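Trainee: Pasting a structure below so you can have a look.
The values are calculated or read from the model by the stated rules, or taken from the named source; none is laboratory data. This is a predicted model, so every value here is computed, not measured. Methodologically, a virtual Cβ is constructed for each residue, glycine included, from the backbone with ideal geometry; neighbour enumeration extends over all protein chains shown.
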Amino acid sequence: MLETGQVDFIYSIPSEHFERLEDLGYEYDLDASREIIEANDFGDEEVKILVPTQDQYPIMGEYIHSKMDEAGFNVSIERVEWGTYLELTAEANYDVTLVGWSNLTADGSELFYPTLHSDNIGASNRAQFNNSEFDHLVEDSRVTIDEDERMQLLAEANELVINEAVWIPLHHSSNTIAYKDHVENLSIDPSGTIWLYEVSITDN
């Protein structure tokens, strides 16, 4: 499913920041999935995947549809325009959907607060996740000035999201730039911002 420039992903915040999360995440086990679905008659009721018609979402929706069908779900796809998608997902009017988030601050607290804090149910918390323990961890991470404490709070919040299976992370985009040899000190950060402050052009 992933094209060049995409990074597969099983954590809400990159795992390299939290070494103790290495054993967490979700493994792909088709046989176990089939057993659970059959034992609980999950295949009897239609499951609809709500997919917006822009960017990479249609391709991802088709892939997820094929995997859910293979596991035994009675699954279909509903394709909608972006505005309709935003309205339906804000109201949690879906069975399964795909969401994305551009975390322009590259900050863990500002990923978790808008997307999963209960303050944002009905808005950017499209999973309708409501967990007081998670809320407190995120709130504390936003106000502490102790960097080690903040990392610990975010690690606990990250682990909670994984264990609750609030969402299934799929991938991160990676940013690529091309430049000639005579351009020096050009850099790009994880948000895609190109920094030009120290750039210089040398004779070639």
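Trainee: Return only the number of the condition from (1) in contact (Cβ under 8 Å) with a residue 12 or more places away in the chain; (2) assigned by TED's automatic domain parsing to the domain that holds T97 that I201 does not satisfy.
Mentor: Status for I201: all satisfied but (2).
Trainee: Restricting to the stretch 135-192, count the residues that are aromatic (F, W, Y) and either within 17 Å of Y113 (Cβ to Cβ) or in contact with a Phe, Trp or Tyr (Cβ under 7 Å, 6 or more places away or on another chain) (or both).
Mentor: Residues of the stretch 135-192 that are aromatic (F, W, Y), as a first pass: 167, 179.
After this cut, where a residue has to be either within 17 Å of Y113 (Cβ to Cβ) or in contact with a Phe, Trp or Tyr (Cβ under 7 Å, 6 or more places away or on another chain) (or both) as well, the list is 167.
Within the stretch 135-192, residues that are aromatic (F, W, Y) and either within 17 Å of Y113 (Cβ to Cβ) or in contact with a Phe, Trp or Tyr (Cβ under 7 Å, 6 or more places away or on another chain) (or both) number 1.
Trainee: When the stretch 131-144 is examined, which residues are found to be outside any helix (DSSP H, G or I) and either within 23 Å of G25 (Cβ to Cβ) or under 14 Å from the mean Cα position of the chain (by Cα) (or both)? I'd like the intermediate steps shown before the answer.
Mentor: First, pick out the residues of the stretch 131-144 that are outside any helix (DSSP H, G or I): 131, 144.
Of everything in the stretch 131-144, just one residue is outside any helix (DSSP H, G or I) and either within 23 Å of G25 (Cβ to Cβ) or under 14 Å from the mean Cα position of the chain (by Cα) (or both), namely N131.
Trainee: Okay, next question. Please specify each residue of the stretch 132-145 satisfying the condition of being surrounded by fewer than 18 Cβ atoms within 10 Å (Cβ to Cβ) and either touching a helix residue (DSSP H, G or I) at 6+ places or on another chain (Cβ under 7 Å) or within 30 Å of I194 (Cα to Cα) (or both). Talk me through it step by step, then tell me what you get.
Mentor: Within the stretch 132-145, the subset surrounded by fewer than 18 Cβ atoms within 10 Å (Cβ to Cβ) is 132-133, 136, 139-140, 142-145.
If the condition is that a residue be surrounded by fewer than 18 Cβ atoms within 10 Å (Cβ to Cβ) and either touching a helix residue (DSSP H, G or I) at 6+ places or on another chain (Cβ under 7 Å) or within 30 Å of I194 (Cα to Cα) (or both), then E133, D140, R142, V143, T144, I145 are the ones that fit.
Trainee: Let me confirm something: among N163, N158, which residue is out of contact with any Leu (no Cβ under 7 Å at 6 or more places or on another chain) and either assigned by TED's automatic domain parsing to the domain that holds E27 or in a strand (DSSP E or B) (or both)?
Mentor: Values: N158 fails: out of contact with any Leu (no Cβ under 7 Å at 6 or more places or on another chain).
After ruling out the rest, the residue left standing is N163.
Trainee: Residue pairs, Cβ under 8 Å, 6 or more apart or interchain, first in the stretch 47-74 and aromatic (F, W, Y), second surrounded by fewer than 19 Cβ atoms within 10 Å (Cβ to Cβ). List them.
Mentor: Y57/G100; Y63/M1; F73/I37; F73/F42; F73/G43; F73/V47
Trainee: Looking for something within 26 Å of D189 (Cβ to Cβ) and assigned to a helix (DSSP H, G or I) - is there at least one such residue anywhere in the stretch 50-68? Full working, then the answer.
Mentor: Here is the first cut: in the stretch 50-68, the residues within 26 Å of D189 (Cβ to Cβ) are 54-57, 60.
Filter once more, so that each one left must be assigned to a helix (DSSP H, G or I): 57, 60.
Yes, the stretch 50-68 has at least one match.
Trainee: If I filter the stretch 66-94 down to residues being among the charged types (D, E, K, R) and exposed (fewer than 14 other Cβ atoms within 10 Å of the Cβ), which single residue comes out as modelled with the lowest pLDDT? Give the derivation first.
Mentor: Here is the first cut: in the stretch 66-94, the ones among the charged types (D, E, K, R) are 67, 69-70, 78-79, 81, 87, 91.
When the remaining residues are screened for being exposed (fewer than 14 other Cβ atoms within 10 Å of the Cβ), the result is 70, 81, 87, 91.
On the way: E70: 96, E81: 96, E87: 94, E91: 90.
Restricting to residues being among the charged types (D, E, K, R) and exposed (fewer than 14 other Cβ atoms within 10 Å of the Cβ), the top hit is E91.
Trainee: Mind checking whether some residue in the stretch 145-153 is farther than 27 Å from I59 by Cα and in a loop (DSSP other than H, G, I, E, B)? Before you say what the answer is, go through the steps one by one.
Mentor: So the first thing to find is which residues in the stretch 145-153 are farther than 27 Å from I59 by Cα, and the list is 145-153.
Those left that are additionally in a loop (DSSP other than H, G, I, E, B): 145-146.
Yes - at least one qualifying residue is present in the stretch 145-153.
Trainee: Say we look at the stretch 166-204 and pick out the residues that are in a loop (DSSP other than H, G, I, E, B) and either among the basic types (K, R) or in contact with a Leu (Cβ under 6 Å, 6 or more places away or on another chain) (or both); which of these is nearest to E27 (Cα to Cα)?
Mentor: Step one: filter the stretch 166-204 for residues in a loop (DSSP other than H, G, I, E, B), giving 166-170, 174-182, 185-186, 189-193, 196-199, 202-204.
So of that shortlist, the ones also either among the basic types (K, R) or in contact with a Leu (Cβ under 6 Å, 6 or more places away or on another chain) (or both) come out as 179-180, 191, 199.
Details: Y179: 39, K180: 42, S191: 28, V199: 43 Å.
Within the stretch 166-204, the match that is nearest to E27 (Cα to Cα) is S191.
Trainee: Next question. Filtering the stretch 146-176 down to residues that are exposed (fewer than 10 other Cβ atoms within 10 Å of the Cβ) and not hydroxyl-bearing (S, T, Y), which residue is modelled with the highest pLDDT? Full working, then the answer.
Mentor: At the first step, the residues of the stretch 146-176 found to be exposed (fewer than 10 other Cβ atoms within 10 Å of the Cβ) are 146-148, 163, 165, 176.
If we keep only those that are not hydroxyl-bearing (S, T, Y) too, we end up with 146-148, 163, 165.
Numbers: D146: 93, E147: 88, D148: 89, N163: 88, A165: 88.
Per the stated criteria, the residue is D146.
Trainee: Quick one: how many residues across the stretch 114-129 are surrounded by 13 or more Cβ atoms within 10 Å (Cβ to Cβ) and outside any helix (DSSP H, G or I)? Lay out the reasoning, then the answer.
Mentor: Start the filter on the stretch 114-129 by keeping residues that are surrounded by 13 or more Cβ atoms within 10 Å (Cβ to Cβ), which leaves 114-121, 124-129.
Subsequent filtering for residues that are outside any helix (DSSP H, G or I) retains 117, 121, 124-129.
Residues meeting the conditions: 8.
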